[in-house]
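J.: Mind looking over this structure? Questions follow.
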Amino acid sequence: MSELTDLTIAKARKGLAKGDFSAVELCEAHIKAVDAANEALNTFIMTTFEQAVERAAQSDKKIKSGDAGALEGIPLGIKDLFCTTDVQTTAGSHILDKFTPVYESTITKNLFDDGAVMIGKLNLDEFAMGSSNETSYFGNCISPWKRKTDGANLVPGGSSGGSASSVSARLVMGATATDTGGSIRQPAAFTGTVGIKPTYGRCSRWGVVAFASSLDQAGPITRTVEDAAIMLKSMASYDAKDTTSVDLPVPDYEKTLRDGVKGLRVGIPKEYRVDGMSDEIEQLWQKGIDWLKSEGAEIIDVSLPHTKYALPAYYIVAPAEASSNLARYDGVRYGLRVPGDDILSMYENTRAEGFGAEVKRRIMIGTYVLSAGYYDAYYLKAQKVRTLIKRDFDEAYKKVDVLLTPTTPSPAFAPGEKGGDDPVEMYLNDIFTVTVNMAGLPGISVPAGLSSEGTPLGLQLIGKPFDEAGILRAAQTLEDAAGLLPAPERWWV
Amino acid sequence: MYKESRETEKKNLVQGSTGDWEVVIGLEVHAQVTSNAKLFSGSSTQFGGEPNDHVSLVDAAMPGMLPVINEACVHQAIRTGLGLRAKINNRSVFDRKNYFYPDLPQGYQISQFKHPIVGEGDVVLDLKDGTSVTIGIERLHLEQDAGKSNHDLHPKHSVVDLNRSGVALMEIVSYPDMRSAEEAKAYVTKLRTILRYLGTCDGNMDEGSMRADVNVSVRRPGDPWGTRTETKNVNSIRFIGQAIEYEINRQIDVLEDGGTIDQETLLFDPKKGETRPMRSKEEAHDYRYFPDPDLLPLEFDDELVEKLRGELPELPDEKKDRFMSDYGLSPYDAEILIAARPSADYFEKVAKGRDAKLAVNWVMGDLSGHANAKGVPLHEVGVSPDQLGQLIELITDGTISGKIAKDVLEIVLEEGGNPADIVEAKGLKQMSDTGELETIVDDIITNNPKQVEQLKTKPKTIGWFVGQVMQKTKGKANPQAVNKLLQDKLEIGEG
């Protein structure tokens, strides 16, 4: 038998059911892996090993009595943006210093109700603002992949860097993540994992620390498409506590996963062929097209003419909402408080010390674009752009069922390599992913090969609203054609 | 677009030292919605309680918490809109009004900025001088209340009570249609009456359930608008009047001295009876309104509006008209009776099926007198509509006189009980039986020949005989019957 940590969720579920190993054994194998890796990778902000083992023991009882849930005994990591009862929740920020929720986010509750075992809380960019996991108050998270050419450490992408890195490094079998502009899909692409951002409204936002409310959406990061289907089924639900969640039945994604792509109309948007995109990304995209075509899909060229406005519009809408969402971190009721002579100086001291540079930058951008005299020129205009982007997709979906694009314009980079002088350089990482958030659509990143530097590259499939089943099915075809990537070398052991 | 609806009227002009001034007033009234739960959370809205007793995770703005609209509050806003004869907007939008303050946990107030739930309507005021004016309503929108900061409980720190945080308010904005402090007071009074009839706000200003931002400007008659000031958060009708009077005088003084009015935000100091500018820090806000992305636009269909319209109670203006036509009330009496729904209901129970004129006289006369003396509203004076109704019936059927009835009312007030039983038990029944009365009258005539003689030259002395009869009967004799008997016996014409 291979190592327990190498199993997929689907295989572990079978092994547990057959009694090949216990949930406690599975849990302890992962704890051992975390212990060995966390100093090097810094993927966990906090571990909850004791509770995990207890929880796994309960799972073993349930499996024996035949009451196993869909994720019974499966060790997962939880992005530290999800509020978890009695377990510190930081959002990767100093400002939530020692904050311990008395409530459980709907998504983690759904997962725990299905038997999932939480190993710990995962590192992320502060308040999910970043594309490299370099803005966390708790330090950079590192990818298990290294650049073959110079042996450099790499960023795992962001903001769900801890989720992607620990899934890729076999520290957990799957992880929750969130995606506001690409924060699930981009790190999945960088680490050779599968990441799906569901349709806006599919997963409840209740109990997830908000970044940009109209764009935030949670989803899983896993090692296979099948595992993503399993986890998403558990995470998704209609929630009356989130007005923007949608009351639609959650389909059994596993059931249709291997129905193939015969007759599926796949759109190739010409606007995603951007300046400066490397040849190997271009070739990867072509490979994806060929794989789908050879399985019977129909390839159709489409145009999404407003794509080029998506990133600038995103960097108005998201900071605007964030500037307001983050106003509650004022030192009055919970988290960090740095005293001052009066209320204003207390606010200033607390927020100056509590927020990192990137969060401050976005609060300032957001405050600016909502200010009197600028609102119409920036915020309102960005909202109009958003409408046009949605319309582009609506038009395209009259002709096609899914869209195929690269997930990122370039492979993973080393910490400190991007965005040091110009934050826009970092923001450009999200150029292929933000459009999907702006339109509220489902998108998935699937590992499709390795770059010349030996690092993973991903392809993105974008679906119609609430057609997660459709993109999962196409993703399965891509995964089958590309073959699973090898596990990254365990250089940290 | 708003068009001025008022003509300049001489009676509304204020005399300055350099000529007449016209006053222009508009009000923004914040009325707490009567509901069990807050606007976006399930917390109780009960007044009082220990500080921070009624606070949910949403009210405290814990990370990841989301607002969910309370439908009951939406219904209340629609009802209020209907009561103000206003346009109901089937689609409205909640916006965030951003500012930092410790009693505002989210760092923003959820309000409605561009698209309110209720549009234009109006309120009719009947003034003391018998005229009536129509005050335009610009809009009504729903918003959250903030918590309460207290700066006196601790030597160095302020403390915050979030019990009110998130409670639903309706902000009702009038057009600048009022022309005197009297009109403004009448407007708030009438608005409060309407809200209380509708059951959408309890109108208890001393508990903070209703408060007003008062906009005042002055101008020469016929001139365009003057510069206005806004006095924030005035919490009694009397103070609203005082704040306006103060502002009128202050503004006229400034202008007549050659100065200009600053458009500024003021606070009213009830102790000094003055307005003073807010510190600039308190008002220099750019609220950065934008649609709240946590909430979808609020949408409902006409069916809901029509259902709520069908369930509306009779409103003050309708009731007033009906009282005047059904019971023959004067506009003045009607206005007083309808001002509070319990009084109106009380009157109606007394008057129904009985002599309306008597009912009005007793309710507005003796009963109101007792109520005023006790300092309670009519319906709490301690006489039920049934008891008063019975008393009126006893007068109408001649069982007792009006004078005896006053005594019976006193007894009911002091000892309680059934008026008919009291009359019976205390033997207060009017003596109308001519046989019994005749004996008494005959006795008096026989025993007082001198007075009988005198009567022949001085017919007015018949009153002495009446008095004698009343004395003998302890006031129970029916005065009409006595008069008739005496006239017949003594053969004199009617006095």
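J.: Could you give me the residue pairs with C-beta distances under 9 Å whose first residue belongs to the range B:194-222 and is at positive phi, whose second residue is buried (at least 24 other Cβ atoms within 10 Å of the Cβ) and aliphatic (A, V, I, L, M) wherever it lies, and which are 6+ apart or on separate chains?
T.: Note: pairs meeting the criteria are B:Gly203/B:Ala31; B:Gly203/B:Leu191; B:Gly203/B:Leu195; B:Gly203/B:Met210.
J.: Please work out if B:Glu303 is over 27 Å from the mean Cα position of the chain (by Cα), modelled with pLDDT of 95 or more and surrounded by fewer than 19 Cβ atoms within 10 Å (Cβ to Cβ).
T.: yes
J.: Okay, moving on. Just one of B:Pro270, B:Pro293 is within 23 Å of the chain's Cα centre (by Cα) and in the same structural domain as B:Ile244 (by TED's automatic domain parsing); which is it?
T.: B:Pro270
J.: Condition first: away from chain A (no Cβ under 14 Å), under 30 Å from B:Gly42 (Cβ atoms) and of a type in the set (Asp, Glu). Now tell me which residues in the range B:142-190 satisfy that.
T.: B:Glu143, B:Asp145, B:Glu171
J.: Against the condition surrounded by fewer than 22 Cβ atoms within 10 Å (Cβ to Cβ) and over 24 Å from the mean Cα position of the chain (by Cα), how does B:Pro63 come out, does it pass?
T.: Considered against the rule, which asks whether it is surrounded by fewer than 22 Cβ atoms within 10 Å (Cβ to Cβ) and over 24 Å from the mean Cα position of the chain (by Cα), B:Pro63 comes out as no.
J.: Are any residues in the range A:4-27 over 24 Å from the mean Cα position of the chain (by Cα), among the charged types (D, E, K, R) and in a helix (DSSP H, G or I), and if so, which ones?
T.: A:Lys14, A:Lys18, A:Glu25 - these are the residues of the range A:4-27 that are over 24 Å from the mean Cα position of the chain (by Cα), among the charged types (D, E, K, R) and in a helix (DSSP H, G or I).
J.: Let me ask something else. What's the number of the only condition in (1) under 30 Å from B:Pro63 (Cβ atoms); (2) more than 14 Å from chain B (Cβ to nearest Cβ); (3) in a loop (DSSP other than H, G, I, E, B); (4) not aliphatic (A, V, I, L, M) that A:Gly276 fails to meet?
T.: Failed condition: (1).
J.: Could you tell me whether any residue of the range A:129-149 is in contact with a strand residue (DSSP E or B) (Cβ under 6 Å, 6 or more places away or on another chain), in contact (Cβ under 8 Å) with a residue 60 or more places away in the chain and surrounded by fewer than 24 Cβ atoms within 10 Å (Cβ to Cβ)?
T.: yes
J.: Are there any pairs with C-beta distances below 8 angstrom linking a residue in the range B:286-305 that is more than 9 Å from chain A (Cβ to nearest Cβ) to a residue that is among the basic types (Lys, Arg), with the two at least 6 apart or on different chains, and if so which?
T.: Matching pairs, first to second residue: B:Pro297/B:Arg91; B:Leu298/B:Arg91; B:Glu299/B:Arg91.
J.: Hey, could you check the range B:286-336 for residues that are in contact with a Leu (Cβ under 7 Å, 6 or more places away or on another chain) and not in a loop (DSSP other than H, G, I, E, B) and say which is nearest to B:Asp122 (Cα to Cα)?
T.: So, considering only residues that are in contact with a Leu (Cβ under 7 Å, 6 or more places away or on another chain) and not in a loop (DSSP other than H, G, I, E, B), the one nearest to B:Asp122 (Cα to Cα) is B:Arg309.
J.: Okay, next question. Is the range B:86-105 home to any residue that is small (Gly, Ala, Ser) and away from every other protein chain (no Cβ under 14 Å)?
T.: Yes, the range B:86-105 contains at least one residue that is small (Gly, Ala, Ser) and away from every other protein chain (no Cβ under 14 Å).
J.: Can you tell me which residue within the range B:26-67, out of those that are among the aliphatic types (A, V, I, L, M) and not in a loop (DSSP other than H, G, I, E, B), is nearest to the other protein chains (Cβ to nearest Cβ)?
T.: Filtering the range B:26-67 for residues that are among the aliphatic types (A, V, I, L, M) and not in a loop (DSSP other than H, G, I, E, B), the one nearest to the other protein chains (Cβ to nearest Cβ) comes out as B:Ala37.
J.: Something else about it: Tally time: how many residues in the range A:255-273 are assigned to a loop (DSSP other than H, G, I, E, B) and either surrounded by fewer than 16 Cβ atoms within 10 Å (Cβ to Cβ) or within 14 Å of chain B (Cβ to nearest Cβ) (or both)?
T.: Adding up the residues that qualify gives 7.
J.: Could you figure out which of (1) surrounded by fewer than 23 Cβ atoms within 10 Å (Cβ to Cβ); (2) within 14 Å of another protein chain (Cβ to nearest Cβ); (3) part of a loop (DSSP other than H, G, I, E, B) isn't true of B:Tyr2?
T.: Failed condition: (2).
J.: Can you find a residue in the range A:484-491 that is in contact (Cβ under 8 Å) with a residue 24 or more places away in the chain, crowded, with 19+ Cβ neighbours inside 10 Å and more than 28 Å from A:Ser294 (Cα to Cα)?
T.: So far as the range A:484-491 goes, yes, one or more of its residues are in contact (Cβ under 8 Å) with a residue 24 or more places away in the chain, crowded, with 19+ Cβ neighbours inside 10 Å and more than 28 Å from A:Ser294 (Cα to Cα).
J.: Residues A:Gly373, A:Gly335, A:Gly366: which one is in a loop (DSSP other than H, G, I, E, B), buried (at least 18 other Cβ atoms within 10 Å of the Cβ) and facing another protein chain (nearest Cβ under 10 Å)?
T.: Matching residue, one of A:Gly373, A:Gly335, A:Gly366: A:Gly335.
J.: Something else: Can you find a residue in the range B:230-249 that is under 18 Å from B:Glu183 (Cα atoms), in a loop (DSSP other than H, G, I, E, B) and away from chain A (no Cβ under 14 Å)?
T.: yes
J.: Which numbered condition in (1) under 30 Å from A:Leu484 (Cα atoms); (2) touching a residue at least 60 places away in the same chain (Cβ under 8 Å); (3) touching an Asp or Glu at 6+ places or on another chain (Cβ under 9 Å) is the only one that A:Ile95 fails?
T.: Against the list (1) under 30 Å from A:Leu484 (Cα atoms); (2) touching a residue at least 60 places away in the same chain (Cβ under 8 Å); (3) touching an Asp or Glu at 6+ places or on another chain (Cβ under 9 Å), A:Ile95 comes up short only on (1).
J.: Does any residue of the range A:221-237 turn out to be among the hydroxyl-bearing types (Ser, Thr, Tyr) and in a strand (DSSP E or B)?
T.: Yes, there is a match, as at least one residue in the range A:221-237 is among the hydroxyl-bearing types (Ser, Thr, Tyr) and in a strand (DSSP E or B).
J.: Also, quick follow-up: Search the range A:200-249 for residues being surrounded by 24 or more Cβ atoms within 10 Å (Cβ to Cβ) and polar (S, T, N, Q), and hand back the single one that is farthest from the other protein chains (Cβ to nearest Cβ).
T.: Among residues in the range A:200-249 that are surrounded by 24 or more Cβ atoms within 10 Å (Cβ to Cβ) and polar (S, T, N, Q), the one farthest from the other protein chains (Cβ to nearest Cβ) is A:Thr222.
J.: On to the next question. If I filter the range A:341-358 for residues that are within 12 Å of another protein chain (Cβ to nearest Cβ), under 22 Å from A:Leu215 (Cβ atoms) and without any contact (Cβ under 8 Å) to a residue 40 or more places away in the chain, do I get at least one hit?
T.: Looking through the range A:341-358, none of the residues is within 12 Å of another protein chain (Cβ to nearest Cβ), under 22 Å from A:Leu215 (Cβ atoms) and without any contact (Cβ under 8 Å) to a residue 40 or more places away in the chain.
J.: Looking for something in contact with a Pro (Cβ under 8 Å, 6 or more places away or on another chain) and either within 12 Å of chain A (Cβ to nearest Cβ) or in a strand (DSSP E or B) (or both) - is there at least one such residue anywhere in the range B:69-83?
T.: no
J.: State whether one or more residues within the range B:317-337 are surrounded by 12 or more Cβ atoms within 10 Å (Cβ to Cβ) and over 30 Å from B:Asp366 (Cβ atoms).
T.: Checked the range B:317-337: no residue is surrounded by 12 or more Cβ atoms within 10 Å (Cβ to Cβ) and over 30 Å from B:Asp366 (Cβ atoms).
J.: Among the listed residues A:Gly73, A:Gly77, which satisfies the condition of being farther than 24 Å from A:Thr178 by Cβ and within 26 Å of the chain's Cα centre (by Cα)?
T.: A:Gly73
J.: Right, something else. Got at least one residue in the range A:154-176 being crowded, with 24+ Cβ neighbours inside 10 Å, under 29 Å from A:Asp86 (Cβ atoms), modelled with pLDDT of 95 or more and within 14 Å of another protein chain (Cβ to nearest Cβ)?
T.: There is at least one residue in the range A:154-176 that is crowded, with 24+ Cβ neighbours inside 10 Å, under 29 Å from A:Asp86 (Cβ atoms), modelled with pLDDT of 95 or more and within 14 Å of another protein chain (Cβ to nearest Cβ).
J.: With respect to B:Tyr346, determine if the residue is within 14 Å of chain A (Cβ to nearest Cβ), of a type outside the set (Val, Ile, Thr) and either in contact (Cβ under 8 Å) with a residue 24 or more places away in the chain or not in a loop (DSSP other than H, G, I, E, B) (or both).
T.: no
J.: Go through (1) of a type outside the set (Ser, Thr, Tyr); (2) out of contact with any His (no Cβ under 6 Å at 6 or more places or on another chain); (3) modelled with pLDDT of 95 or more for B:Asn150 and report which single condition fails.
T.: Tallying (1) of a type outside the set (Ser, Thr, Tyr); (2) out of contact with any His (no Cβ under 6 Å at 6 or more places or on another chain); (3) modelled with pLDDT of 95 or more, B:Asn150 fails exactly one: (3).
J.: OK, next. Out of the range A:316-332, which residues are small (Gly, Ala, Ser) and at the interface with another protein chain (Cβ under 9 Å from one of its Cβ atoms)?
T.: Selection gives A:Ala320, A:Ser323, A:Ser324, A:Ala327.
The values are calculated or read from the model by the stated rules, or taken from the named source; none is laboratory data. Please read these numbers as outputs of a predicted model, since none were measured by experiment. For neighbour counting, all protein chains shown are included, and Cβ atoms are generated from backbone atoms with ideal geometry for every residue, glycine included.
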